[in-house]
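Notes for the one structure printed next.
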Amino acid sequence: MAFNFDEALDRRHSDSVKWNKFPESMLPLWVADMDYRSPPCITDALTQRIAHGVFGYGVPPTAFIDAAIAHCEQRYGWRLAPSWLVVLPGVVTGLNLCVRAFSAEQDMTLAPTPIYPPFRKAAALAGRGQRNAPLVLQHGRPVVDYASLEPQMGGQEKLLMLCNPQNPGGTVYTRGELEAQLAFAQRHNLIVCSDEIHCDLVLDENARHIPFATLGEDAAQRSITLMSPSKTYNIAGLGASLAIIPNPELRRRFMAAREGIVPTVDILALTAGAAAWREGESWREELLIYLRANRDRLVSAVNNVPGLQMHTPQATYLGWIDASGLNADNPAKQFHRAGLGVSPGADFGELQYVRVNFGCTRATLEEALSRLQALGQQR
């Protein structure tokens, strides 16, 4: 490989949220933040921009927008108009803006469960209710069961919040599954917010990410798609993201909700994001090979520990482990006692699960699996 994903970087004594959450005796395997250097093209672009030495207010981010447009057309065959793009300091910002822009206090939002915690928090922070559609396993893939929501629908529902690839389950939805989600939105006249931040991290070589808005004109006109290079290229701390909104009225409402509250995006974040999408493909391809091997090693090890089960995620560098066989009130605490700093499933809406980040070096993963074996022997 041209890039060294085995390089051990000392993040413990840095400003890393991931590595400073737990005591030094624990391996941090929680937040979606990888332990690899970002691509050299990003470092080079930032170094060149920093060398200028002046960091005043920036002009509208043409280079970042141009890179996003080229990226979506090359990767997904999706032709974007520059006017559709709203630059944001993070996808979580986009989730919160969607809830506030497209629902009122008496309205309801809809989201899968389990789900990335900000989906749940966005509704609660805005004082909106939320109905949840459970994920069910079909042939080893967690998929959303919208049929279970049909009897609960009362007409107050305004916003359907999707996550594709799914976090924490790692599912890459097929066209048929996405069309079923679109049909549900059409039946109930819903606006759709589709979080697609992990779309460039598809590990299953037989799966392909399909942006929700590309299903057809109706899907495009009722949707807000959230994307970012941050997870793929390990620049989450820089926070350059996009909302893609083809419908001008939805875009106007979205922009009105952010007015005076959401700041413009940092010029260094825009520099990094543009470089990632323009020049980071060779790095991404090698990353996927490395992550795929980590994923397969983790799945095999977990399924050999009594009391634990894990399906093979199609995308992301996040594993969703069923720990119900441990017969513990809070299995995350058992993982923590074993020195494994995982994310509690309760944060996602499933107490008997934990989420583990395998975007780490092979050495870190092997140490984690050694501790996992010890956890199984304690039963």
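Readers should treat all values here as calculations from the given coordinates under stated rules, not as data from a laboratory. Quick caveat: nothing in here was measured; it's all calculated off a predicted structure. In this analysis, Cβ positions are derived from the backbone assuming ideal geometry, glycine residues included, and neighbour counts consider all displayed protein chains.
For this structure, a couple of remarks:
- Extension gain (nm, one decimal) between THR43 and GLN152, 0.36 nm per residue minus Cα-Cα: 34.2 nm
- At full extension, ALA363 and ALA207 could sit 53.3 nm farther apart than now, given 0.36 nm per residue minus the alpha carbon distance.
- Residue-count net charge about MET26 - beta-carbon cut-off 15 Å; Lys, Arg +1, Asp, Glu -1: +4
- Spatial separation of Cα centroids for the range 1-67 and the range 347-366, in angstrom: 20
- Helical runs assigned H by DSSP (4 residues or longer) give the chain a calculated mean residue ellipticity at 222 nm of -11500 deg cm²/dmol, each run adding -39500 (n - 2.57) before division by the residue total.
- Take the Cα of VAL31, step 7 Å toward its Cβ, do the same at ASP10, and the gap between the two points is 2.1 nm.
- Computed E for ALA51/GLU24 - FRET, C-beta separation, R0 35 angstrom, nearest 0.05: 0.45
- Report note on the peptides 25-31, 347-353: ranked by the mean count of other C-beta atoms within 10 Å, highest first, their order is 347-353, 25-31.
- Cα shape, the chain, gyration tensor, a/c 1.5 rule: oblate
- Global geometry of the range 68-215, whether rounded, prolate or oblate, following the gyration tensor of its Cα atoms and the 1.5 cut on a/c: oblate
- Each of LYS18, LYS158, LYS121 was scored by other Cβ atoms within 10 Å of its Cβ. Listed from fewest to most, they are LYS121, LYS158, LYS18.
- For LEU203, net neighbour charge (Lys/Arg +1, Asp/Glu -1) across residues whose Cβ lies under 10 Å away: -1
- Using the Cβ-Cβ distance between ARG371 and ALA346 with R0 set to 30 Å, the FRET efficiency from 1/(1 + (r/R0)^6) comes to roughly 0.90.
- Expressed to the nearest 5 percent, the antiparallel share of DSSP beta bridges inside the range 55-279 is 40 percent.
- Scoring 79-87, 37-45 by mean Cβ neighbours within 10 Å over their residues and listing the highest first yields 37-45, 79-87.
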